[in-house]
C-alpha cells in the first residue's frame, strides 16, 4: 500500500457525507493538488440520510437512497476496511479489510478523520434496556427492519383475540422529538395506518404512536411557532406528544417514563441524539473532548498536530459564532471545500484559514403531505413546506440518474398503493419482545 511513485497521499477515515464529499473536492483543479486520495470505510456506499425514512417505509426504493463511493468519487481509492489503530509518529493507519483477519497498514502525508457518529445511548444507570430492546435509525438496515417489524406486528395483531394485547402490539414509542424522531413518526404512522386497511381484525383505534421529548417542545432547532404548528398537526393525527418527559426503562413489552408511568408497547424507536464514533478511542494520540469528539482548531487541524484534520459529526470545530459547528449532514458537505483548501494551503506553504459553516435552514417532513421549514429567516408550514423539502432534497441527491429514480418512485406512489410486504432484511426477528398469544381461528367470524 505504500508504492506511490513519489506522489503524496491523503487518507480519509470514513466514507460518509464528509469523507466522500472531501474526496471528490480534493480532485478539483482549483485546489492544485496532485495527490493520491484513499478512503477507508467498512462500506462501499454512503446513505443519503434525508431520504432514509422514506426508503425504509417504501416511498422510494432503498437502493435509490444509497450512493456508491467509487461512483461518487471516482478519482479516490477505496479500502473496505475497519480501522484498528493509528501510529502518529510513523504516519501510518492500521486496518483490517472486511472479510480478512490480516492486519495491514497504510502510510499517509495527511490524515482526515471523518468517522461520523452513532446513536447516543445513555448509561444503564440512566436509561436501562435500550441496547437490548430498542430499534435505532442510523443505517438502511435499521429503517427496513422497522418496516418489517411493523408488518410483522400487524400480522400478529390481526390473528389474536385480546383487544388490549392488540393495542400493545401496535403501540410504537419514539424517544426523541428531534428532526429524525419526527421524520420517523410522521412517515411510519402513515405507513402503518395505510397498511392496516389490509387486516380485517385491526381497526384504526388499535394503532397508537407516542413521542417522548425531554425538551419542553418538539423540534427545538426550529423557531417556536413552527414547533407549535408541527406539534398540533401531529396531535390532530392521534399521535401522543409528551414533552418535558423522557424514558428511564425500556423492556420487551413496556417502557417506564420519567414520571414512573408504565406504558405498554412492543416497539421502541430510539432517536435521542447522536455521539461521536467510538472508533476515535482506538486512534492513539488524538485529543478528544469530554463528549468523545475530536478536538480541532478552527481551521479543522487536530489540536497539537500538523497534518491531521477532523470534520463532520465526529469533530468539534469552532464556527464563526465561537461555538462548535452542529453535527449535521449539510454542515459536513459544506466543510469539505474548506478542509480541501486548507490542506492545499499547507502543501503550498500558505497559511490556513479558519472554517465556519452556518446552518442554512431546517426542513422537516411530517407525513401526509405536510411539513415545516425555516430557511434563512423564511418560515413555512403545511403543504408548501413539504413540497419544498422534496424539491430541495431531490436537487441535492447525488447524480442525475439517482434523482430521476427518486422522482419516478415519488410519481408512482402518487398513483399507486405502496407495497406493504416485508423485505426480509430482518430474518432474526425479535420475537422475544412478543408474548404468547391465543391465535384466532381464521374461519371464526
Search region 296-310 for residues being within 19 Å of residue 91 (Cα to Cα) and under 26 Å from the mean Cα position of the chain (by Cα), and hand back the single one that is surrounded by the most Cβ atoms within 10 Å (Cβ to Cβ). 310
Sort out which residues of region 335-346 are over 14 Å from residue 30 (Cα atoms) and more than 28 Å from the chain's Cα centre (by Cα), and write them in order of number. 346
Touching a strand residue (DSSP E or B) at 6+ places or on another chain (Cβ under 7 Å) and assigned to a helix (DSSP H, G or I): is that true of residue 189 in this structure? yes
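Yes or no, residue by residue, for (1) in the same structural domain as residue 142 (by TED's automatic domain parsing); (2) under 30 Å from residue 130 (Cα atoms):
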{"position": "244", "(1), (2)": "yes, yes"}
{"position": "255", "(1), (2)": "yes, yes"}
{"position": "279", "(1), (2)": "no, yes"}
{"position": "288", "(1), (2)": "no, yes"}
{"position": "314", "(1), (2)": "no, yes"}
{"position": "354", "(1), (2)": "no, no"}
Is at least one residue of region 76-92 in a loop (DSSP other than H, G, I, E, B), on the phi < 0 side of the Ramachandran plot and either modelled with pLDDT under 95 or crowded, with 21+ Cβ neighbours inside 10 Å (or both)? yes
When you scan region 50-61, do you find a residue that is in contact (Cβ under 8 Å) with a residue 60 or more places away in the chain, touching a strand residue (DSSP E or B) at 6+ places or on another chain (Cβ under 6 Å) and surrounded by 15 or more Cβ atoms within 10 Å (Cβ to Cβ), even just one? no
Which condition number in (1) surrounded by fewer than 18 Cβ atoms within 10 Å (Cβ to Cβ); (2) not in a loop (DSSP other than H, G, I, E, B) is the one that residue 217 fails? (2)
Give me a count of the residues in region 402-419 that are surrounded by 11 or more Cβ atoms within 10 Å (Cβ to Cβ) and either modelled with pLDDT of 85 or more or under 22 Å from the mean Cα position of the chain (by Cα) (or both). 11
Using the structure shown, decide if residue 334 is assigned to a helix (DSSP H, G or I), without any contact (Cβ under 8 Å) to a residue 40 or more places away in the chain and not assigned by TED's automatic domain parsing to the domain that holds residue 396. yes
Keeping to region 393-404, report how many residues are in contact (Cβ under 8 Å) with a residue 40 or more places away in the chain, under 18 Å from residue 69 (Cα atoms) and in a helix (DSSP H, G or I). 2
For residue 121, the lone unmet condition from (1) in contact with a helix residue (DSSP H, G or I) (Cβ under 8 Å, 6 or more places away or on another chain); (2) part of a helix (DSSP H, G or I); (3) touching a residue at least 24 places away in the same chain (Cβ under 8 Å) is (2)
Selection count, region 220-237, where residues are touching a residue at least 40 places away in the same chain (Cβ under 8 Å), more than 23 Å from the chain's Cα centre (by Cα) and either on the phi > 0 side of the Ramachandran plot or surrounded by fewer than 16 Cβ atoms within 10 Å (Cβ to Cβ) (or both): 1
Wholly enclosed helices (runs of 4 or more DSSP H) of region 130-179 bearing at least 1 residues within 17 Å of residue 272 (Cβ to Cβ) and touching a helix residue (DSSP H, G or I) at 6+ places or on another chain (Cβ under 7 Å): 130-133, 140-158
Unmet criterion (only one of (1) over 29 Å from residue 252 (Cβ atoms); (2) in contact (Cβ under 8 Å) with a residue 12 or more places away in the chain) for residue 101: (2)
What's the total number of residues in region 353-369 that are surrounded by fewer than 21 Cβ atoms within 10 Å (Cβ to Cβ), over 30 Å from residue 300 (Cα atoms) and either in contact (Cβ under 8 Å) with a residue 24 or more places away in the chain or in contact with a strand residue (DSSP E or B) (Cβ under 6 Å, 6 or more places away or on another chain) (or both)? 1
Being in contact with a helix residue (DSSP H, G or I) (Cβ under 7 Å, 6 or more places away or on another chain) and at positive phi: is that true of residue 32 here? yes
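The values are calculated or read from the model by the stated rules, or taken from the named source; none is laboratory data. A quick note: this is a predicted structure, and the numbers were derived from the prediction, not measured. When we count neighbours, we look across all protein chains shown, and the Cβ atoms used for this are built from the backbone with ideal geometry, even at glycine.
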